[in-house]
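Have a look at the structure below, then the notes.
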Amino acid sequence: MNILILGGNGMLGPWVVDALGDRHRLRITDIGESPVTTHEWRQIDVSSLDDVVDAAEGMDAIINLSVLRPHRRSAFDVNTRGNYNMMVAAVTHGIQRVINTGPHYQMAGPSYEDWDFDLNPDMPPQPGTRLYAHTKALGQEIDRVFTTKHDIYLQTLLFYHLYDPADVGNGPGGSGLESLGKDMMTPYSIAWPDAGEAIRCAMELPLERLPSRAETYMVFTDIPHGMFNNSKARTQLGWQPRYHLEQLWNKS
Amino acid sequence: MRLLLTSATSELGRSLAELLAPHHDLVLTDLAGHADGETNIVACDLGHDESTDRLVEGADAIVHIGYGGHFASSSDLLDFHTRCTYNLLTAARSAGVGRFVNLSTLRLLDDYSENLTVTENWRPVPGVEPVILSAHLCEYVCREFGREGTVKIANLRLGFPLVDGDTAAAVNSGESAALASDDLATAIKAALIADLSANAQSADAPHPVSFRTIHVQSPIPNGRFLLKRAASILGLWEGQGAA
């Protein structure tokens, strides 16, 4: 497939390129500098409708990895309007497959996470008003509405804490024992290569096997706390985590 | 009551200003590009800065045009109804503004067949046209602020078309979802002071309900949309409208 990657030179982008690069023709785009790559590269701004529509020409699928967190205008420009631009580009070029990504709390915000267990990707979104979650949730809603009116298949993959498997325990939770049981880190964690592999699984899943035109997946490694549920990513995408990150919740 | 009205130089904004001015201490505001050269309009781009904080300071309530304001590009429509609304609500929450009335549209339910008894409990079915999608997203922003409490938000979905005059004018329009301007003014006045928890499932919970959607079309015989919440929350048109 010819695949357009938006935000392809961020933190997740290189892992997605690793997972897909030998199997598909990639057009990597980002607002930032060019990565060192053998794939086609374009510098674009996802908040520009013209940029995104132009970049999507000749593509079979779009993966949206673009994200901007702290600045309020940029967050809306990228996380919300960037999705609108992506979907207009998909309609313009007849692209049927769109993969969107974001943090788990664009769906399961504090009103879920502070209260419940077995949180799953088929719940109605409750992102709350935290800027990052809120703007990403608006983007996801734009995507969903487009699938109700156009023949576009949307797969949204939700991540949160991502780790280099060689460096678990030295990540955002601190080092060694300091990271144990830090719930902000453990409920929703995955290794970077497994995240890239999940996107490959989504990309290569035949569209006719999707139950609807808008499917969402919670993608994290198998963690014993039971707060979130990753079974849909396993059963529908056929994805299996290679890295289990046991160091995050095992005492020894 | 000191009332802030957004998009005040739009056609709908001007009509609302005229309708609300006799009853409220009205502060009119619009984006700088629209407010240029206008007297009595406070120019504010609803950014995340002190200007938005100053705008809402001292307001008892805000009436926000979430649909049917200015014509604009898709980017500008989406930006106003998401980011600007978010900034306005953030400022309102910080300033302790007690009531926020979002004016949305019943066009979000237009895809449902006319023979269906569509109430506020039916899921919106927006299209992707920027003006409709923006209204839907504006509701989304309001709903999440409402979910967190603090600001009490009345989300009024207005009938269409908007016709000048009283209920009889709406009846005479021949449009089953029409809304007369007099009825709109009546609904907004009621929404500014209504107990939003009236007849809510969680009305007895310790935290009062802080977001309610209410359908507002004129109570014409066999009207298209049911007006149950207009009756139960706003105290309007009991037993009138759709059978």
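The values are calculated or read from the model by the stated rules, or taken from the named source; none is laboratory data. Owing to the predicted nature of the structure, the values given are computational and were not obtained by experimental measurement. With ideal geometry, Cβ positions are generated from the backbone for all residues, glycine too; neighbour counts draw on all protein chains shown. Note: areas computed on protein heavy atoms with side chains; ligands, DNA, RNA excluded. Shrake-Rupley method; radii C 1.70, N 1.55, O 1.52, S 1.80 Å.
Here are the numbers:
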read-out	value
Check on residue B:151, more than 18 Å from residue B:188 (Cβ to Cβ) and within 11 Å of another protein chain (Cβ to nearest Cβ)	no
Any hit, the stretch B:151-173, residues being polar (S, T, N, Q), surrounded by 16 or more Cβ atoms within 10 Å (Cβ to Cβ) and over 18 Å from the mean Cα position of the chain (by Cα)	yes
Helices (runs of 4 or more DSSP H) (entirely within the stretch A:57-155) containing at least 2 residues that are at the interface with chain B (Cβ under 9 Å from one of its Cβ atoms) and either touching a residue at least 24 places away in the same chain (Cβ under 8 Å) or open to solvent by 50 Å² or more (accessible area, probe 1.4 Å) (or both)	A:72-75, A:82-93, A:131-149
Residue selected from the stretch B:18-37 under the condition within 23 Å of residue B:86 (Cα to Cα) and assigned to a helix (DSSP H, G or I), by the criterion least open to solvent (accessible area, probe 1.4 Å)	B:35
Residue satisfying all of: in the stretch B:76-110; touching a helix residue (DSSP H, G or I) at 6+ places or on another chain (Cβ under 7 Å), not hydroxyl-bearing (Ser, Thr, Tyr) and not in a helix (DSSP H, G or I); nearest to the other protein chains (Cβ to nearest Cβ) among these	B:100
Check on residue A:36, among the aliphatic types (A, V, I, L, M) and surrounded by fewer than 18 Cβ atoms within 10 Å (Cβ to Cβ)	yes
One residue from A:20, A:26, A:49 being open to solvent by less than 20 Å² (accessible area, probe 1.4 Å), hydrophobic (A, V, I, L, M, F, W, C) and in contact with a Ser or Thr (Cβ under 9 Å, 6 or more places away or on another chain)	A:26
Residue B:113 open to solvent by 10 Å² or more (accessible area, probe 1.4 Å), more than 19 Å from the chain's Cα centre (by Cα) and within 14 Å of chain A (Cβ to nearest Cβ)	no
Conditions (1) open to solvent by 10 Å² or more (accessible area, probe 1.4 Å); (2) more than 28 Å from residue B:74 (Cβ to Cβ); (3) modelled with pLDDT under 95: number failed by residue B:235	(3)
Any hit, the stretch B:160-176, residues being within 14 Å of chain A (Cβ to nearest Cβ) and out of contact with any strand residue (DSSP E or B) (no Cβ under 8 Å at 6 or more places or on another chain)	no
Yes/no for residue B:144 being at pLDDT below 95 and facing chain A (nearest Cβ under 10 Å)	no
Among residues of the stretch B:38-74, those that are open to solvent by less than 40 Å² (accessible area, probe 1.4 Å) and over 28 Å from residue A:82 (Cα atoms), counted	7
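Residue-by-condition table, conditions (1) free of Cβ contacts under 8 Å to residues at least 12 places away in the same chain; (2) acidic (Asp, Glu); (3) over 21 Å from residue B:61 (Cβ atoms):
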{"site": "B:151", "(1), (2), (3)": "no, no, no"}
{"site": "B:165", "(1), (2), (3)": "no, no, yes"}
{"site": "B:173", "(1), (2), (3)": "no, no, yes"}
{"site": "B:184", "(1), (2), (3)": "no, no, no"}
{"site": "B:190", "(1), (2), (3)": "no, no, no"}
{"site": "B:195", "(1), (2), (3)": "no, yes, no"}
{"site": "B:216", "(1), (2), (3)": "no, no, no"}
{"site": "B:224", "(1), (2), (3)": "no, no, yes"}
{"site": "B:227", "(1), (2), (3)": "no, no, yes"}
